[in-house]
Structure formats: C-alpha cells, structure tokens
1. Only one residue in 90, 83, 103, 68 is farther than 26 Å from residue 168 by Cα and hydrophobic (A, V, I, L, M, F, W, C), so which one is that?
2. Identify, please: which residue in the range 253-266 is within 27 Å of the chain's Cα centre (by Cα) and exposed (fewer than 13 other Cβ atoms within 10 Å of the Cβ) and is, among those, farthest from residue 173 (Cα to Cα)?
3. Here is a check on your reading of the model: is residue 36 in a helix (DSSP H, G or I) and within 22 Å of residue 16 (Cα to Cα)?
4. So the check is Cβ under 7 Å with 6+ separation or different chains; which pairs have a first residue in the range 224-246 that's farther than 17 Å from residue 270 by Cα and a second one that's part of a loop (DSSP other than H, G, I, E, B) and among the β-branched types (Val, Ile, Thr)?
5. Looking at the range 272-297 only, could you name the residues that are more than 18 Å from residue 222 (Cα to Cα), surrounded by fewer than 17 Cβ atoms within 10 Å (Cβ to Cβ) and not acidic (Asp, Glu)?
6. If you go through the range 44-64 one residue at a time, do you hit one that is surrounded by fewer than 16 Cβ atoms within 10 Å (Cβ to Cβ) and either among the hydroxyl-bearing types (Ser, Thr, Tyr) or in contact with an Asp or Glu (Cβ under 7 Å, 6 or more places away or on another chain) (or both)?
7. Would you mention how many residues in the range 57-79 are within 23 Å of residue 111 (Cα to Cα) and either in contact (Cβ under 8 Å) with a residue 40 or more places away in the chain or part of a helix (DSSP H, G or I) (or both)?
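The values are calculated or read from the model by the stated rules, or taken from the named source; none is laboratory data. Keep in mind the model is a prediction, meaning the values are calculated, not measured. Here the Cβ positions follow ideal geometry from the backbone for every residue, glycine too, while neighbour counts run over all protein chains shown.
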Amino acid sequence: MDIIRFPDDPPPARWTQPVLALGNFDGVHRGHQKVLDSVRRVAGERGATSVVMTFDPHPSRVVRPDKAPPLLMTTAQKLEAIAAAGLQGAAIVRFTPELSRWAPETFVETVLVDWLKVASVWVGANFLFGHDRTGNFSLLRMLGGRYNFKAEKIDPVRYKDFVVSSTRIRRLVSEGRVDEAAALLGHQYYLEGTVMRGEERGRTIGFPTANLSTENELLPSHGVYATTTTVDGVVRPSVTNVGVRPTVDASGRTSVETHIFSLDRNLYGASIRVGFVQRLRDERTFESLDVLRAQIAADCDKARVLFDRLSL
C-alpha cells in the first residue's frame, strides 16, 4: 500500500481517479470496514485507485486536547488494518492548528481537489469536517458538484441494538467488556509492544510472564483476561493480567503481564500482540504467593475451557 502525507508528498503517478474513504478510522471497526469495502469495490469496478484519507494527529488532539479520548490503535496499526482490507493507498493529512481553522470549502479545494484530484469521496453517516465541524455530507455533496467529484454516504452499521462507533468501543474496552468490544470491532481488541525484563516473580511460582511495553493508549480495565498472544506470527492461547499486581508490588504502577501457555522461552526484546478475548475476573490481593499460584492455575483452566469452546 502506498502511503503519502499532506502537504509533503505528491500522489504517486500510478494513482488513477482516486476513490476515497475519508475519516479518522480509529479501530477500523465494522462501520469503517463497510466504508472500506465499498471504496475497494467501486474502485475495482472503475479501474480506479482505492485510497483512505485519515488525519495525524487525531483532530481532537489539536482542537480539544483536554477532552481527546485515548485511541484504539496507533497510526501504524491503523495503516496495517487498512492495508489488510485491500486498499491501495493511504493519504495522511498532518492535522495542525492552522488546518483546524480552515473552512470546509478550503479543505475540499486544497486537499481533495488540488492535491488528490479525487473522483469520488465516501464517508460515514456522521462525518463532519472543517472549522468547528461545520461541514457535513450535504455540503460535501454540493462541493462535489462544484468540483466534479461524487460524494457518497454509508449508513451506520448496527450490531444488535447498538450503532457501531469508536466512542462506544472505547467505553466497552475501558470497562473490561472486551468480548463485546470485539463484536463491534470485528476483531479482537489488541495491544502490541515489546517484551521487557521484569522481576521474574511469575517464573518463581511456575507461571512465567511476558511484561509488555506498549504504545497503545487504551488499556482494558484492571483485571485478568483470557487472551491470544501472537509471537513470530504464531497465535497462542494465554492469560493476561492488566493492573498493579497488589500481592507482589506496592508501587501502584500499572503493568500488562501475559502468561503464554506451553511456551517456555526467553522473549525479552521480542515484539508480540496480545488480543483480548474475555474478562475472567477482577484483580485482587491474595494473602500469600501460594494462594496467588492456585488462583492463576484456576484462571488458566477457565481460559482453556473457553479456548476449547472457541476452537482456538
């Protein structure tokens, strides 16, 4: 997938009549996937180039930094998911205070028309753009008529009784309802990072753990989770504790520790992905390491039953 950035890079010469998906796409959830699928399909039918346009940093970081939510994905993770969806290009707009003050018409003319020369633009039902979010789909469609591109809108995607949105998914993850979040995402919520050396207490009680250092901003609420852990491209069942480890650590520092089933190997420095399947229990303090060891064993047994049911 080609990746270009505004205002630094010109579009590749091989991009033909770009069919554009426009939005933030945090999480690349089911609603986003519907937009991406439509853009890929239409571009294929027309012999055009399918492109995603997104913003970095997230506009809320510039416009309302005190209220900006933690993101579901890093930029690299989002681009990986977009490429996996089959899009041919990504155009990343550097969102600055100056750009945040542009009128919707200025954004359309400068970025969509003069820079990308789009043939059509697809957005979600609630997409707003321009200074104070004054641009809506009706305005985009009107400007498309002026500048000779088509504007298309995708209706909201619903899962059961809920409209799928990044805001709802963030709340579910922050509450530890990771199985519900996965249903809206269309994939597990995951953290990626590097395994760091810890205090190796887990190994001393028979459950070695990988201590994850991650750039992901949103951690599930403190607790123990059934997870999958991807190491060197292999997905393995695991159990993960997110929290402060009150039985063995008085610092109050939050950590992410994963015990990977049937893997006895030094992972220090390795890159891993931890996908959250289901919350098993709250984090709590135990009166001794023996009681803690017994509880971890019970957590692993409970996770194995879940994994057997899911045919992991």
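1. Details: 90 fails: farther than 26 Å from residue 168 by Cα; 83 fails: farther than 26 Å from residue 168 by Cα; 68 fails: farther than 26 Å from residue 168 by Cα.
Just one listed residue meets the conditions, 103.
2. Within the range 253-266, the match that is farthest from residue 173 (Cα to Cα) is 253.
3. Details: in a helix (DSSP H, G or I): yes; within 22 Å of residue 16 (Cα to Cα): yes.
So residue 36 passes the test.
4. Once the first residue is farther than 17 Å from residue 270 by Cα and sits in the range 224-246, its partners that are part of a loop (DSSP other than H, G, I, E, B) and among the β-branched types (Val, Ile, Thr) give 243/254; 244/254; 246/285.
5. Of the residues in the range 272-297, the ones more than 18 Å from residue 222 (Cα to Cα) are 272-273, 287-291, 293-294, 297.
Cutting the leftovers down to surrounded by fewer than 17 Cβ atoms within 10 Å (Cβ to Cβ) gives us 287-291, 293-294, 297.
Result: 288, 289, 291, 293, 294, 297.
6. Taking every residue of the range 44-64 in turn, none turns out to be surrounded by fewer than 16 Cβ atoms within 10 Å (Cβ to Cβ) and either among the hydroxyl-bearing types (Ser, Thr, Tyr) or in contact with an Asp or Glu (Cβ under 7 Å, 6 or more places away or on another chain) (or both).
7. Filtering the range 57-79 for residues within 23 Å of residue 111 (Cα to Cα) gives 57-64, 75-76, 78-79.
Applying the additional criterion that residues be either in contact (Cβ under 8 Å) with a residue 40 or more places away in the chain or part of a helix (DSSP H, G or I) (or both) yields 59-63, 75-76, 78-79.
So the answer is 9.
Here is a yes/no grid of residues against (1) in contact with a Phe, Trp or Tyr (Cβ under 6 Å, 6 or more places away or on another chain); (2) farther than 16 Å from residue 188 by Cα; (3) at pLDDT below 95; (4) assigned to a strand (DSSP E or B):
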{"site": "246", "(1), (2), (3), (4)": "no, yes, yes, no"}
{"site": "256", "(1), (2), (3), (4)": "no, yes, no, yes"}
{"site": "278", "(1), (2), (3), (4)": "no, no, no, yes"}
{"site": "294", "(1), (2), (3), (4)": "no, yes, yes, no"}
